[in-house]
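First comes the structure, then the notes that go with it.
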């Protein structure tokens with residue numbers, strides 16, 4: 001009898017923490033006829049029947065659910081913890097089990113076998129006491145209530161000033177002092193750490209002078225605007241400390257291993273070197289290692305960029321994060337977690353340079369350079385006039401406050417606008433760099449191409465056989481197979497309106513092809529090697545190999561035709577590349593792990609020059625290409641979607657990925673195209689360049705009135721409150737101008753023709 005050890009969750013949300021250990025291998029589903037149209041499923045332990053089935057949905061009757069509540073609970077836990085199961089519903093009163101799953105992850109045949117195993121595995125368990133919850137970490141330090149304090153100070157200043165309320169000055173001054181603490185802290189850190197006087201120091205001096213003079217409204221308004229700017233900036237700035245990305249978090253929760261001659265399922269974190277790991281169809285390989293026995297068709301696209309699955313046999317190396325399409329393999333675990341090939345890619349990404357968003361905003365740098373001249377000018381006026389009010393007016397009439405509010409406001413508006421149009425730009429720095437991009441590097445597979453196999457042509461090699469008949473035979477032989485080429489042929493036949501013929505006996509050989517009896521003919525569909533092996537005369541008449549791959553179709557020992565397939569371009573790729581190449585000064589490069597012949601063919605279709613095409617590029621080489629372009633003084637954007645693209649994404653000035661890309665690529669990317677369409681890249685660039693233009697306008701809107709008022713303050717004197725009105729008024733105007741991206745709700749379409 002199957003033995004099972006289960007750590008039961010305390011709630012539905014804890015299902016992912018369930019640890020399962022099952023013994024005695026995998027049961028098989030046996031079909032022996034039909035009852036009322038449904039197969040009768042015989043099993044040695046727990047009998048059940050398939051009551052109803054739809055695409056991606058199964059309903060089964062399991063009589064044991066009626067009388068065994070513990071079994072029902074264990075089965076629910078196992079199914080909810082399983083990565084292949086999308087949802088599960090158990091109705092004990094009806095002995096009913098309903099399961100939904102994703103056909104993209106597993107075929108119908110495989111899910112039947114998988115569910116049978118789980119139904120049997122839940123038959124007997126030993127309940128393990130749930131582990132004690134980890135003590136909660138220390139509470140995070142509460143943020144300083146800067147906005148609340150500045151609002152309080154402004155309210156008290158207005159009430160005690162213009163409205164004439166009788167509020168003790170010490171109370172107003174105290175609220176201003178408390179609200180000024182963050183400004184003082186940043187000023188002190190600038191002196192201590194950077195050895196220079198920064199914008200905050202200038203603000204602090206102006207606030208201190210006007211507060212001491214009892215002009216409370218001026219410093220209170222300054223503080224409110226400063227806090228508004230800081231809060232907006234915090235929302236638009238990406239954390240300088242990148243989130244740690246763990247390879248294990250992107251793989252499945254549990255792994256099958258063989259220990260002491262028995263199969264057990266354990267948490268992935270418990271796998272050790274030397275373990276024999278078992279991988280079944282639809283699962284990701286969890287470790288790097290060597291195949292001990294078995295063979296499998298593996299999809300390595302996310303790791304290597306190769307669009308076609310590869311056949312791996314005993315003695316060959318397999319890599320973590322690759323997807324098992326077909327077969328079953330036993331692997332000797334050699335490298336685990338972040339030590340795997342995929343893990344090294346992530347480590348390379350984490351070692352990429354981290355940029356400081358706050359200090360790289362060019363407009364703030366302009367304001368920063370004005371700090372010392374403003375201090376010298378104010379000090380000179382005070383030395384000549386001995387009037388602190390005139391000095392305070394000069395300190396108030398800086399460019400800093402307006403830039404602090406208007407620039408982050410513009411950035412936030414642009415980020416909001418882009419998000420509404422399906423482009424997630426993560427930070428103000430990404431927006432700035434996107435506006436400056438002059439070199440765009442694309443990964444090929446899954447970025448410029450669809451990353452999936454598609455039929456691109458059918459050719460007859462027998463005058464008596466039409467291309468329609470070639471496709472008809474191939475689709476009939478390949479039906480219900482999970483190989484991506486088989487799926488592509490069947491899909492193409494359906495698109496052409498070809499009815500699928502019935503198939504009787506058939507035999508599929510992994511990595512070679514399929515033999516099937518169709519319409520009284522013995523049909524072979526597969527590789528050239530397979531057909532030669534089966535005695536088919538392969539007279540190709542000098543057929544030249546193209547960038548596409550070919551599968552051959554034969555019947556009754558004679559070659560009938562061939563079907564060309566390829567990883568086809570995205571429908572928008574040509575248009576987007578053409579638009580980018582027409583922009584003056586913009587270079588477009590293509591990187592791929594594919595061979596040079598395939599890379600050159602794709603680049604030629606897109607108009608990318610050979611000198612900008614980089615083939616057979618693995619993660620390290622991709623990162624190197626990006627670094628070299630960056631060292632040439634170029635501002636580089638990299639567009640990719642796989643784990644193998646993560647290092648290049650991290651080293652680029654701005655990185656772009658798709659919403660359906662790998663989890664690690666999405667986390668690494670500065671820009672995520674939520675609609676999975678490259679047109680979003682054009683729109684993102686235009687949004688960024690429009691935002692840059694608005695920032696330049698705002699700098700002028702702030703500089704002109706402040707410089708004019710500054711001249712008046714120096715030559716004739718200006719009341720600090722009047723200086724605050726000028727300063728704050730220009731800030732408000734610039735801030736409203738910065739909101740134009742969301743106030744003017746129009747769809748961006750064309751990329752600017754000049755930078």
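The values are calculated or read from the model by the stated rules, or taken from the named source; none is laboratory data. What you see is a predicted model, and the numbers here were worked out from it, not measured in a lab. Cβ sites come from the backbone with ideal geometry, for glycine too, and all protein chains shown count toward neighbours.
Quick look at the values:
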quantity	calculated
Pairs where the first residue, in segment 180-195, is under 18 Å from residue 228 (Cβ atoms) and the second is modelled with pLDDT of 90 or more, C-beta under 8 Å, 6+ apart	none
Where a residue in segment 493-516 is outside the structural domain of residue 327 (by TED's automatic domain parsing) and its partner, wherever it lies, is loosely packed, with under 10 Cβ neighbours inside 10 Å, with Cβ under 6 Å and at least six apart	515/507
Any hit, segment 189-199, residues being closer than 25 Å to residue 148 by Cα and at pLDDT 80 or above	yes
Set 596, 622: member being assigned by TED's automatic domain parsing to the domain that holds residue 433, surrounded by 13 or more Cβ atoms within 10 Å (Cβ to Cβ), within 19 Å of residue 444 (Cβ to Cβ) and out of contact with any helix residue (DSSP H, G or I) (no Cβ under 9 Å at 6 or more places or on another chain)	596
Residues (surrounded by fewer than 21 Cβ atoms within 10 Å (Cβ to Cβ) and at pLDDT 50 or above) located in segment 119-134	123, 124
Residues within segment 200-250 that are outside any helix (DSSP H, G or I) and at pLDDT 85 or above, tallied	1
Tally, over segment 435-454, of residues that are modelled with pLDDT under 90 and in contact with a helix residue (DSSP H, G or I) (Cβ under 9 Å, 6 or more places away or on another chain)	13
Residue in segment 708-715 that is part of a helix (DSSP H, G or I), closer than 30 Å to residue 589 by Cα, modelled with pLDDT of 75 or more and touching a helix residue (DSSP H, G or I) at 6+ places or on another chain (Cβ under 9 Å) present	no
Residue count, segment 337-354 (criterion: over 12 Å from residue 285 (Cβ atoms) and at pLDDT 75 or above)	2
Test: residue in segment 364-380 that is more than 18 Å from residue 201 (Cβ to Cβ) and either crowded, with 17+ Cβ neighbours inside 10 Å or modelled with pLDDT under 70 (or both)	no
Residue match in segment 548-567 (condition: more than 17 Å from residue 458 (Cα to Cα), buried (at least 17 other Cβ atoms within 10 Å of the Cβ) and within 26 Å of the chain's Cα centre (by Cα))	no
Segment 708-724: number of residues that are touching a residue at least 40 places away in the same chain (Cβ under 8 Å) and on the phi < 0 side of the Ramachandran plot	11
Out of 322, 290, 276, sole residue that is surrounded by 22 or more Cβ atoms within 10 Å (Cβ to Cβ) and either at pLDDT 80 or above or assigned by TED's automatic domain parsing to the domain that holds residue 734 (or both)	322
Qualifying residue in segment 297-313 (condition: over 28 Å from residue 452 (Cα atoms) and either at pLDDT 85 or above or not assigned by TED's automatic domain parsing to the domain that holds residue 337 (or both))	no
Given (1) more than 21 Å from residue 653 (Cβ to Cβ); (2) touching a helix residue (DSSP H, G or I) at 6+ places or on another chain (Cβ under 6 Å); (3) in the same structural domain as residue 219 (by TED's automatic domain parsing), number of the condition residue 407 does not satisfy	(1)
Members of segment 73-99 found to be over 20 Å from residue 265 (Cβ atoms), touching a strand residue (DSSP E or B) at 6+ places or on another chain (Cβ under 7 Å) and outside any strand (DSSP E or B), listed by number	95
